[in-house]
């Protein structure tokens, strides 16, 4: 594959068995990175690896449950054992709690699930990724947040998701400051609505329509997963060498209103 932004880098991507994560794995490979695909869904993760390899890229799969610190450490260890180092980490694994109701109707189970995966899972990943990057003296981390981590929005994302994604932005800023002189950059990507299985599920449940999804964005359409992957690749590359602590909206001007 023709490399460019990420030649020779090793990238670890969680939640890479589908959606934004899978698209990002392909984008990174096209830009020259060796990719570790991590997911709790082994079938989806191995499918992503097969797709990357079919396009001429180098990829390997490892299972992970980001709610478990031991599993996250094993994921980072696998990456280093397989490819020698960890240059780029993309913490993308997440779940939504759409359809659980208004604020006063949200269940404790939905709250706990959202925070265990969407926030604590990112914290576990950063904890072990940062330790490895400190040993190397360099690295980049991109956390996948959401426009729901920047503003409160009228959408079926409910309060636990919005609160957890705001937390991801906070973790990003705190780590960026703490490791700014350690050769490690930490940023967050904040997508608007992206045409993934998650959005398709909401449409099938009758919670929203494709037209409503597109209408959230002044640009007049939803994003494709690869468009988010390209933005993540840029944040992970030397092209963004002076960028750290940024929650970067990739949202078709949704938050510009």
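Below is a table of values for the structure above.
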read-out: Residue ID - nearest to the chain's Cα centre (by Cα), chosen from residues in segment 133-152 that are in contact (Cβ under 8 Å) with a residue 24 or more places away in the chain and more than 18 Å from residue 92 (Cβ to Cβ); value: 151
read-out: Residue in segment 221-230 that is assigned to a loop (DSSP other than H, G, I, E, B), within 20 Å of the chain's Cα centre (by Cα), surrounded by 18 or more Cβ atoms within 10 Å (Cβ to Cβ) and free of Cβ contacts under 8 Å to residues at least 40 places away in the same chain present; value: yes
read-out: Test: residue 56 is farther than 24 Å from residue 201 by Cβ, without any contact (Cβ under 8 Å) to a residue 60 or more places away in the chain and surrounded by fewer than 24 Cβ atoms within 10 Å (Cβ to Cβ); value: yes
read-out: Residue in segment 82-101 that is closer than 25 Å to residue 199 by Cα and free of Cβ contacts under 8 Å to residues at least 12 places away in the same chain present; value: no
read-out: Any hit, segment 67-81, residues being farther than 26 Å from residue 184 by Cβ, in contact with a strand residue (DSSP E or B) (Cβ under 8 Å, 6 or more places away or on another chain) and surrounded by fewer than 24 Cβ atoms within 10 Å (Cβ to Cβ); value: no
read-out: Pairs, first over 17 Å from residue 13 (Cβ atoms) in segment 105-128, second modelled with pLDDT of 95 or more and buried (at least 17 other Cβ atoms within 10 Å of the Cβ), C-beta under 7 Å, six or more apart; value: 114/164; 115/164; 119/164; 119/167; 119/168; 123/171
read-out: Residue 204 farther than 12 Å from residue 252 by Cβ and free of Cβ contacts under 8 Å to residues at least 40 places away in the same chain; value: yes
read-out: Residue among 255, 244 that is in contact with a strand residue (DSSP E or B) (Cβ under 6 Å, 6 or more places away or on another chain), over 23 Å from residue 87 (Cα atoms) and touching a residue at least 40 places away in the same chain (Cβ under 8 Å); value: 255
read-out: Scope segment 171-200; condition without any contact (Cβ under 8 Å) to a residue 24 or more places away in the chain and either more than 22 Å from residue 87 (Cα to Cα) or in contact with a strand residue (DSSP E or B) (Cβ under 6 Å, 6 or more places away or on another chain) (or both); matching residues; value: 199, 200
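A quick yes/no check of all residues on (1) surrounded by fewer than 24 Cβ atoms within 10 Å (Cβ to Cβ); (2) farther than 15 Å from residue 56 by Cα:
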| site | (1), (2) |
| --- | --- |
| 5 | yes, yes |
| 11 | no, yes |
| 16 | no, yes |
| 19 | yes, yes |
| 22 | no, yes |
| 25 | no, no |
| 30 | yes, no |
| 33 | no, no |
| 38 | no, yes |
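The values are calculated or read from the model by the stated rules, or taken from the named source; none is laboratory data. If you're wondering where the values come from, they're calculated on a predicted model, not measured in any experiment. As a convention, Cβ positions derive from the backbone with ideal geometry for all residues, glycine included, and neighbour counts pool all protein chains shown.
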